[in-house]
Structure formats: C-alpha cells, structure tokens
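Engineer: What follows is a single structure, and I will ask about it in a moment.
No lab work stands behind these numbers, since they all come straight from the coordinates. Since we're looking at a predicted model, the values are computed, not measured. With ideal geometry, Cβ positions are generated from the backbone for all residues, glycine too; neighbour counts draw on all protein chains shown.
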Amino acid sequence: MDFSGKRYLIKQNRSKLLLLIFLLSHSVISWSQEVPADYKKHFWYYNPETQSLVDKVYNFLNSNIKPDRSIALLVGVDYYPELSPFGESKNLIQTYNDIELLKKYLRVYEKFDEIIVLRNSEFKTQNLEFLLQDYIPEQLSKFERPRFLFAFSGHGITNNNTGYLLYSNARGFEDKRRSLNMNILHNYIQEAIQEGHHSLVLINSCKSGAFLRR
C-alpha cells in the first residue's frame, strides 16, 4: 500500500481546512467604533462585507490581485451663496457633476466599499477631523491592501504662496477666514495615507498645486 500518497492528501486537505477557517473568521467586517449619528448621514454607500469567500480564496492564492478594502471621501462645494456678486462663481454645476459621476464610478466600476460624501456646508473642519484623523485611518489599519481616495471639487485660492479651499460660506476670493488651508488638509490626509496601501488625492480647483507645497 502506498502510504506516501495518503500522507500527501492529508497534508493537502489540512492546508485547505486551515485556509477555510482563516477566511471564514475574517469574512465579516463591522464598524469597530460607533459612528455618531451626525456622521452616518454622510455615508452615501457602506458595504460591511468586503469580499465574497470565493474572492478571498482567489486573492489569497493571488495576493497581488485586489485590494481588501476601499474607502473614498468626496467633497464638493457647488453653491457659494455669499459669492452672488461674482456671477457664475456662485453656482458650480460642474462641481455637482464631478461628485455625482465620481461616486457612481467608484461604486459601479471600482467596487469601493465605503463612499463618504460631504457637500457644501458639510465641508467643515469638524467633519474632516473626525473622518481623516479618526474614522478612516482606523478602518484602513485593519487591512493589508486597502485603497483610499480623497477628492475635492470647488473654489480654491492662494495667498502668499499658501493655498486655500473655500468653504461654502466664503464671502470673496480673499476670504482666508472662511477657507481651509491646504497645508492643514495635507496633514489631515497623511494619517489616512500612512494606513493605506494605495492612496490617491484629487483636487479640482484653482491653485490646487499648492497642495503639493510647492
């Protein structure tokens, strides 16, 4: 009787069983922290299941194929009520379209698991601090190959070589007090980038190059 063949099958089945136990134990992901109600409304899409078991097996055997979590934060300011004297600058239909098209593209084609959207007055320091310094880095840290995408569309300005993104209540194109300093945004995003395997930052505004601190 050829026992070597049986020993090989036992080892092979044992490996498959261990793999199955590992994948099942990691098959469901839930929020590790309770997201306050004030922030839950910003989650345009949230999928607690990352991948099917079949995908997990395939990706385990081909570890360079797919990310295991994808989170996007999309910010769009398409209405500036205090900029009425500036005509077309008050309403930015292209900004509205940017966010609408991007969130659908990420959901349908890129299969993002979480798509968080901040619009107009929702673009403020309090929301950015929670999402970029707390929630998103903490979620990304749980995975081996997560993707992170940040996108902004709206008005941007510079002052003394420093860039700013205008909040929706900005009263002019020199209103630094009602704007977000891009250096501060750069620091916020670093925490998420450090935890992400692949990260992409898209800023569709005037003076967006200031984000690179050049």
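Engineer: Which of the residue pairs Lys40/Lys124; Lys40/Lys90; Lys176/Lys207; Lys40/Lys111; Lys90/Lys207 have a Cα-Cα distance greater than 24 Å in the structure shown? Don't skip to the end; give the middle numbers.
Structural biologist: Numbers: Lys40/Lys124 16 Å; Lys40/Lys90 28 Å; Lys176/Lys207 14 Å; Lys40/Lys111 20 Å; Lys90/Lys207 18 Å.
Violating the 24 Å Cα-Cα cut-off are Lys40/Lys90.
Engineer: Same structure again: Under 17 Å from a point 7 Å along the Cα-to-Cβ line of Lys142: which residues of region 190-214 have their amide N that close?
Structural biologist: Answer for region 190-214: 192, 195-197.
Engineer: May I ask you to compute the full-extension gain from Phe130 to Asn47, defined as 0.36 nm times their residue separation minus their alpha-carbon distance, rounded to one decimal in nm? Each step should come with its number before you reach the end.
Structural biologist: Details: separation 83, 0.36 × 83 = 29.88 nm, distance 1.97 nm.
Gain on stretching Phe130 to Asn47: 27.9 nm.
Engineer: With +1 on each Lys and Arg Cβ and -1 on each Asp and Glu Cβ, how big is the dipole of region 101-179 about its Cα centre, in debye rounded to the nearest 20?
Structural biologist: Dipole size: approximately 260 debye.
Engineer: Moving on to the next point. Read phi for every residue in region 91-105 and hand back ³J(HN,Hα) as whole Hz from Karplus 6.51 cos²θ - 1.76 cosθ + 1.60, θ = phi - 60°, with x for Gly and Pro.
Structural biologist: Ordered by residue, 3J(HN,Hα) equals 10, 10, 5, 5, 5, 4, 5, 3, 5, 4, 5, 5, 5, 6, 5 Hz.
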